[in-house]
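See below for the structure under consideration.
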Amino acid sequence: MDAQTLTYPSETIQCVPGDYIMTKTEEGAWRVLFVKDLVLLSRLIPLTFPQGIELLEERHMAESQAPAYFREIYLLLADFQGLFSNRNEAIKAVDAGALGNPLRTLCSPIRQFPRTDAFVHTRSRDNDAKTPKD
């Protein structure tokens, strides 16, 4: 099997599981998201049979164009309830392990996090015990 690497789009942040993404909302508050994983998506085509529905990955269909979401990086993110008035408050909350429990898990394309509107905060390894589990 040939391994192919992917690169982040040049206009986006670069992150790894365990990082925190901080983004500014339209209202000017700061939101914190925890990076749980990096994933690729594959569209599924439902096939209906008398015994039930089976799913086929779109990439196995014979077509001349690339499948939807082909080689696009997505992030599995833990979303927290609190918003912060400035970036430093958000960083302090992350470092103190004071974000609380995640509300939900989101799946978002990396392109949703341009360098101009988001930044990555990596906690020190001393704080690993405070990493959210779900």
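Some points to look at:
- When residues of region 1-20 are limited to those that are of a type in the set (D, E, K, R) and at pLDDT 95 or above, the one farthest from the chain's Cα centre (by Cα): 11
Here is a yes/no grid of residues against (1) β-branched (Val, Ile, Thr); (2) buried (at least 17 other Cβ atoms within 10 Å of the Cβ):
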{"site": "3", "(1), (2)": "no, no"}
{"site": "13", "(1), (2)": "yes, yes"}
{"site": "30", "(1), (2)": "no, yes"}
{"site": "38", "(1), (2)": "no, no"}
{"site": "49", "(1), (2)": "no, no"}
{"site": "55", "(1), (2)": "no, no"}
{"site": "70", "(1), (2)": "no, no"}
{"site": "94", "(1), (2)": "yes, yes"}
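The values are calculated or read from the model by the stated rules, or taken from the named source; none is laboratory data. The structure displayed is predicted, hence computed values, not measured ones. Because the Cβ atoms are built from the backbone with ideal geometry, glycine has one as well, and the counts that use them run over all protein chains shown.
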